[in-house]
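J.: Below you'll find the structure I mean.
The values are calculated or read from the model by the stated rules, or taken from the named source; none is laboratory data. Everything numeric in this text was worked out from a predicted model, so none of it was measured. Here the Cβ positions follow ideal geometry from the backbone for every residue, glycine too, while neighbour counts run over all protein chains shown.
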Amino acid sequence: MLKDRYYHLANRFFQFAFSKFRGIKVYALVGRSGTGKSYHSKLVAAKYRIDLIIDDGLLIRGNRILAGHSAKRDADFLAAVRTAVFDDDEHKDEVVNALLKERYKRILIIGTSEKMVRKIAKRLELPEPEKIIHIEDIASPEEIETAMRIRFTEGKHVIPVPSIEITRSAPQIVLDSMKVFSGKKGALKKNQAFEKTIVRPEFSKPDKEELSDATMTQMVRHAISEYDPVMKVKKVRSTKNPDSTYSLSITLQLPVRHYLSTTISDLQEYITDCIEKYGGIMVRGASIEIEEWG
């Protein structure tokens, strides 16, 4: 049994090393929650001749889901987070094994931050991203604003595969389907169409009750543990505004001699991005107070 396990791990290591030698390139598409990354992903893949896409826990090739399961099926925030970054070993192994069977040269990882896409690449035993594309580079401010309005007023998300692929495993989250036309020349064929599925995730259903401070604290703790595990969350207070957005007041504890390698505004943005993506919640503002200890 131990021998088989050792052989399996050794085989994985050599497959990973081989992936670098055979010239596999990893691309990343990065942007805040609700800015239209999944919507634009197929256009990016076509432009750079990318074979595979990693998006919210799924491994996608063309119009097929090859492996994994979508974070949009999960009923709560933390489960969605773990799914999106392949934290569960069984989920991760399923996708890694599928990658080992596929013939490909380029793969696109979609995430809310550069840190997130690097973590996914590491978990899936892929090389570091060679090219990082920000959503602002490929979408206009008007497109981003429209996408964010739809996300946070209607709770709608996009999965870049036809609806038939989603209805097989999670028909309850499917709302509609749509086609996107490139309308461009070059790497993209003129009027080339890509079918996508509009879904409403379990964790952002409109009938969800107002979130408690305990639930918000859980979300913030997860974000902080990913951002800087030395920091501790002492208290989180949340207020739901009339427009269904939330305002947060967060108290953090930091060791006296620990250097905070970021600005408060960067930390605020990271926390709100994390909560918006996986909680399906629009955060209007997050005030942060830091207490020193030790």
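J.: I'd like to verify a number: residues in the stretch 17-31 that are in contact with a helix residue (DSSP H, G or I) (Cβ under 8 Å, 6 or more places away or on another chain) and either modelled with pLDDT under 80 or not in a loop (DSSP other than H, G, I, E, B) (or both), how many?
T.: Residues of the stretch 17-31 that are in contact with a helix residue (DSSP H, G or I) (Cβ under 8 Å, 6 or more places away or on another chain), as a first pass: 26-31.
From the residues that got through so far, the ones that are either modelled with pLDDT under 80 or not in a loop (DSSP other than H, G, I, E, B) (or both) too are 26-30.
Count: 5.
J.: Follow-up question, since we're still on this one. Just the residues that are under 17 Å from T263 (Cβ atoms) and β-branched (V, I, T), please, taken from the stretch 218-236.
T.: Hits for the stretch 218-236 are I224, V230.
J.: So, one more: List the pairs whose first member sits in the stretch 250-263 and is of a type in the set (V, I, T), whose second member is part of a loop (DSSP other than H, G, I, E, B), and whose Cβ atoms are under 9 Å apart, counting only residues at least 6 apart or on separate chains?
T.: Listed by first residue and then by second, the contacts come to V256/G294; T262/D228.
J.: Quick check, is T262 part of a loop (DSSP other than H, G, I, E, B), closer than 17 Å to S287 by Cα and within 24 Å of the chain's Cα centre (by Cα)?
T.: So T262 passes the test.
J.: Among the residues of the stretch 64-79, what is the count of those that are within 18 Å of I53 (Cα to Cα) and within 15 Å of the chain's Cα centre (by Cα)? I'd like the intermediate steps shown before the answer.
T.: Our first condition is that a residue be within 18 Å of I53 (Cα to Cα); within the stretch 64-79, this holds for 64-72.
With within 15 Å of the chain's Cα centre (by Cα) added as a condition, the list becomes 68-72.
Adding up the residues that qualify gives 5.
J.: Still on this model: What is the one condition in (1) surrounded by fewer than 15 Cβ atoms within 10 Å (Cβ to Cβ); (2) among the hydrophobic types (A, V, I, L, M, F, W, C); (3) modelled with pLDDT under 85 that A79 does not satisfy?
T.: So the condition that A79 fails would be (1).
J.: If you don't mind, another one. Name the residue, out of L59, L66, L99, L108, that is aliphatic (A, V, I, L, M) and part of a helix (DSSP H, G or I). Step through it out loud before you land on a result.
T.: Working: L59 fails: part of a helix (DSSP H, G or I); L66 fails: part of a helix (DSSP H, G or I); L108 fails: part of a helix (DSSP H, G or I).
Criteria check complete, one pass: L99.
J.: Please enumerate the residues belonging to the stretch 141-167 that are modelled with pLDDT of 75 or more and under 19 Å from S113 (Cα atoms). So that I can check it myself, show each step before the final result.
T.: Going through the stretch 141-167, the residues modelled with pLDDT of 75 or more turn out to be 141-147.
Scanning the stretch 141-167 gives P141, I144, E145, A147.
J.: Residue by residue through the stretch 128-142, note down the ones that are surrounded by 16 or more Cβ atoms within 10 Å (Cβ to Cβ) and not hydrophobic (A, V, I, L, M, F, W, C). Before the answer, list the steps.
T.: Residues of the stretch 128-142 that are surrounded by 16 or more Cβ atoms within 10 Å (Cβ to Cβ), as a first pass: 129, 132-133, 135, 138-139.
Within the stretch 128-142, just P129 meets the criteria.
J.: Within the stretch 78-87, is even one residue over 20 Å from C274 (Cβ atoms), not assigned by TED's automatic domain parsing to the domain that holds I281 and not hydroxyl-bearing (S, T, Y)?
T.: Scanning the stretch 78-87, I find no residue that is over 20 Å from C274 (Cβ atoms), not assigned by TED's automatic domain parsing to the domain that holds I281 and not hydroxyl-bearing (S, T, Y), so the answer is no.
J.: Name every residue in the stretch 265-287 that is in a strand (DSSP E or B) and loosely packed, with under 15 Cβ neighbours inside 10 Å, in order of residue number. Full working, then the answer.
T.: Taking the stretch 265-287 and keeping what is in a strand (DSSP E or B), we get 283-287.
Passing the criteria: R284, G285, S287.
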